[in-house]
Amino acid sequence: MKPKTRVRLAIIGSGPAGYTAAIYAARAELQPVVIAGAAFGGQLMITTDVENYPGFPEGVTGPELVESFQKQAERFGARVRFDDAKAIDFSRRPFAIETDAERFEADAVVVATGAQAKWLGLPSEEKYVNRGVSACATCDGALYRGRVIAVVGGGDTAMEEALFLTRFASQVQVIHRRGELRASKIMRERALHNEKIRFVWHSEVVEVLGDEKGLTAVRVRDVRTGAETTLEVGALFVAIGHKPNTDLFRGVLDLNPQGYLLTKPGSTRTNVEGVFACGDAMDPVYRQAVTAAGTGCMAALDAERWLAANE
C-alpha cells in the first residue's frame with residue numbers, strides 16, 4: 001500500500017505556472033503539495049538564457065529561474081515532490097492523484113503540466129539545442145541579430161516566427177516540405193511579400209552542422225529528387241507545433257482538438273468543479289513563462305475562492 005497524503009490543494013506541474021500557483025496558495029495557507037515530476041521545471045530547464053522575464057535586467061538561465069521559483073514557494077510552506085503523476089481520479093472528492101511512491105487526496109487540484117515543442121527528431125538537432133537550435137523566436141530571436149536564420153515549418157506558427165525574426169535577421173530562410181504553405185491566407189501573404197524571407201521549397205532538414213561554438217549550417221534534402229544542399233545559417237528555429245502534456249487527463253477534463261485543456265471564459269475553471277488549469281497546458285497562443293506565471297496566479301486565486309465557498 002502506498003502512503004496516503006491528504007492535502008487541501010495539489011498542484012500537478014512545476015514550471016512557472018505551477019510554482020506561481022504554489023506561491024499564492026502557500027501564502028493563503030492552503031499548504032499545497034507540488035507534484036513536480038521527475039523531469040521538473042518544464043521547458044525552462046532546456047532554456048539557457050531568459051532575457052524577457054521581468055525583474056532580471058541581466059537575464060537569467062532557465063534552471064536558475066526554476067530554482068528561484070521553487071525556493072520562493074517552499075519559503076511559504078509549499079511541499080515539493082519530484083515524482084510524476086501516473087494516475088488520477090477526479091470522479092469524486094477528495095480527488096486522488098497517484099505517483100509511483102505516494103497517493104495524494106486533495107480537496108482541489110491545479111493542473112499545470114505544460115507543453116513541449118515538437119522537434120524534428122535528429123540527433124544533431126538535439127546536440128545544438130540552445131546553441132543555435134530553438135523552438136521559440138520570441139525567447140531567442142534577439143540572440144542571433146544580423147545573422148541568416150532558418151525556420152522549419154509551413155503553418156501559421158512558422159510564418160509568425162519567420163516574420164518576427166525579420167526584425168533581427170539579415171535574412172530568414174523558411175524550409176518547408178511542400179511547395180505551398182499551410183498557413184492562413186493573411187499570414188501566407190505577409191510572409192511571401194516580405195523581402196527578408198526566402199523560401200526553400202520541397203525540402204527537409206536532415207542534419208544540423210556546427211562546431212564547438214554552436215550551429216553553423218543545416219543540410220537539407222529535396223524530397224522530390226533526394227539532392228542535398230548545405231545552407232549556412234546562424235540559427236535554426238523549429239516551428240512545427242507544440243504538444244500539451246495532457247494525456248493523463250484525456251476523457252476526464254475537456255480538451256480542444258489539439259489537446260489543450262479548456263477553461264471557462266474569464267477563469268481557470270475546468271469542466272470538473274474544483275479542478276483548475278493554467279500555463280501552457282491550456283494556452284495554445286502565448287506560451288511564455290510570464291503568461292504561464294500569470295495564469296498560475298489566477299488558478300491559485302480561483303482555487304482559494306472555490307475552497308472557501310465549498311468548505
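Quick one: Debye curve from the C-alpha atoms of region 119-238, no solvent, what's log10 I(q)/I(0) at q = 0.10, 0.23 Å⁻¹?
Listed by q, the Debye log ratios stand at -0.26, -1.40.
What is region 235-311 by shape, rounded, prolate or oblate, if you read a ≥ b ≥ c off the alpha carbon gyration tensor as root eigenvalues and call it rounded for a/c under 1.5, prolate for a/b larger than b/c, and oblate otherwise? Could you put the intermediate results ahead of the total?
Values: a/c = 3.11, a/b = 1.65, b/c = 1.89.
Oblate is the answer for region 235-311, as a/c is 1.5 or above yet b/c matches or exceeds a/b.
By DSSP, what percent of the beta bridges with both residues in the chain are antiparallel, rounded to the nearest 5? Write out the running numbers ahead of the final one.
Values: 26 of 60 bridges.
Antiparallel bridges: around 45 percent, rounded to the nearest 5.
Taking every DSSP beta bridge with both residues inside region 119-238, roughly what % is antiparallel (nearest 5)? Working shown, then result.
Details: 13 of 29 bridges.
The answer is about 45 percent antiparallel.
In nm, to one decimal, how far is the modelled label at E58 from the one at M45, with both set 7 Å along Cα→Cβ?
Distance between the two pseudo-spin positions: 2.7 nm.
Could you pull out every residue, at least 5 positions away or on a different chain, whose amide H is within less than 5 Å of the one on G15? Hs are placed 1.01 Å off N in the peptide plane, and Pro or chain starts have none.
Excluding prolines and chain starts, which carry no amide H, the hits are G41.
Count neighbours as other Cβ atoms within 10 Å of each site's Cβ, and list the chymotrypsin sites (Phe, Trp or Tyr not before Pro) in region 113-184 that are DSSP loop with at most 14 such neighbours. If you can, show how the numbers build up before the last one.
Working: sites: W119, Y128, Y144, F164, F168; in loops: W119, Y128, F168.
Sparse-neighbourhood loop chymotrypsin sites (Phe, Trp or Tyr not before Pro): W119.
Quote the relative contact order of region 119-238 in percent (integer), defining contacts as alpha-carbon pairs under 8 Å separated by 6+ residues. Mind dumping the intermediate values first?
On the way: 254 pairs, mean separation 37.5, N = 120.
In percent, rounded to a whole number, it is 31.
Measure nothing but the geometry: give the 0 to 90° angle between the long axis through the Cα atoms of 62-75 and the longest principal axis through the Cα atoms of the chain, rounded to 10°.
That helix lies at roughly 10 degrees to the long axis.
Rounded to the nearest 20 debye, what is the charge dipole size of region 153-290 about its Cα centre when +1 sits on each Lys and Arg Cβ and -1 on each Asp and Glu Cβ? Mind dumping the intermediate values first?
Numbers: 18 positive and 18 negative charges, 72 e Å.
Here region 153-290 has a charge dipole of around 340 debye.
In straight Cα distance, which aspartates and glutamates are under 19 Å from K71, not counting same-chain residues fewer than 8 positions off?
Filter leaves E29, D83.
Please report the relative contact order for the chain, taking Cα pairs under 8 Å with a sequence separation of at least 6, and give it as a percent rounded to a whole number. Mind showing how you got there, number by number?
Details: 724 pairs, mean separation 64.0, N = 311.
It comes to 21 percent, rounded to a whole number.
So how tilted is helix 16-27 from the main axis of the chain? Cα-based, degrees 0 to 90, rounded to 10.
Computed tilt is about 20 degrees.
Treating only the Cβ atoms of Lys and Arg (+1) and Asp and Glu (-1) as charged, compute the dipole magnitude of region 1-149 about its Cα centre; round to the nearest 20 debye.
Working: 18 positive and 18 negative charges, 69 e Å.
Charge dipole, region 1-149, about its Cα centre: 340 debye, nearest 20.
Helix-only mean residue ellipticity at 222 nm, the chain, DSSP H runs n ≥ 4 weighted -39,500 (n - 2.57), per residue, nearest 500. What is it?
-7000 deg cm²/dmol
Using a 4.7 Å cut-off between beta carbons, which cysteines in the chain end up with no partner cysteine at all?
C278, C297
May I ask which residue of T5, A36, T246 lies farthest towards the positive end of the charge dipole of the chain, with charges of +1 (Lys, Arg) and -1 (Asp, Glu) on Cβ and the Cα centre as origin?
Sorting the options by dipole projection puts first T246.
Can you give me the C-alpha center-to-center distance between region 1-50 and region 138-197, rounded to a whole angstrom?
That distance is 35 Å.
In region 204-311, what chymotrypsin sites (Phe, Trp or Tyr not before Pro) fall in a loop by DSSP, with at most 14 other Cβ atoms inside 10 Å?
Working: sites: F237, F249, Y260, F276, Y286, W306; in loops: Y260, Y286.
Those satisfying the criteria are Y286.
Scan region 160-245 for trypsin sites (Lys or Arg not before Pro) in coil per DSSP, keeping those whose Cβ has at most 10 other Cβ atoms within 10 Å, and list them by number. Write down the numbers at each step before the final one.
Working: sites: R167, R177, R178, R182, K185, R188, R190, K196, R198, K213, R219, R221, R224; in loops: R167, R177, R178, R182, K196, K213, R224.
In loop regions of region 160-245 (DSSP not H, G, I, E or B), the sparsely surrounded trypsin sites (Lys or Arg not before Pro) are K213, R224.
Among the listed pairs K4/K243; K86/K213; K86/K185; K118/K185; K2/K118; K185/K213, which are separated by more than 30 Å between their Cα atoms? Working shown, then result.
Working: K4/K243 32 Å; K86/K213 40 Å; K86/K185 42 Å; K118/K185 24 Å; K2/K118 35 Å; K185/K213 39 Å.
Flagged as over cut-off: K4/K243; K86/K213; K86/K185; K2/K118; K185/K213.
Which of these values of Cα Rg over 2.2 N^0.38 Å was calculated from the structure shown: (1) 1.04; (2) 1.09; (3) 0.92?
Of the listed options (1) 1.04; (2) 1.09; (3) 0.92, (2) comes from this structure.
Calculate how steeply helix 289-310 sits against the longest principal axis of the alpha-carbon atoms of the chain, using the helix alpha-carbon long axis, and give the answer as 0 to 90 degrees to the nearest 10.
It works out to around 20 degrees.
How big is the charge dipole of region 82-225 about its Cα centre, in debye rounded to the nearest 20, if each Lys and Arg gets +1 on its Cβ and each Asp and Glu gets -1 on its Cβ? Walk me through the numbers before you get to the answer.
Details: 22 positive and 22 negative charges, 192 e Å.
With Lys and Arg at +1 and Asp and Glu at -1, about 920 debye.
Considering only the other residues whose Cβ falls under 13 Å of the Cβ of D83, what net charge follows from Lys and Arg at +1 and Asp and Glu at -1? Show your work: numbers first, answer last.
On the way: positive: K2, R79, R81, K86, R103; negative: D84, E98, D100, E102.
Once positives and negatives cancel, what remains is +1.
Looking at P57, A96, L143, which one has the Cα that reaches farthest to the positive end of the dipole of the chain (charges on Cβ: Lys, Arg +1; Asp, Glu -1)?
Working it through, the farthest residue towards the positive pole turns out to be A96.
Values quoted throughout were computed directly from the atomic coordinates according to the rules given, and no laboratory measurement underlies them. Predicted, not measured: the structure shown is a model, and the values here were computed from it. Heads up, the Cβs are rebuilt from the backbone with ideal geometry, glycines too, and the neighbour counts pull from every protein chain shown.
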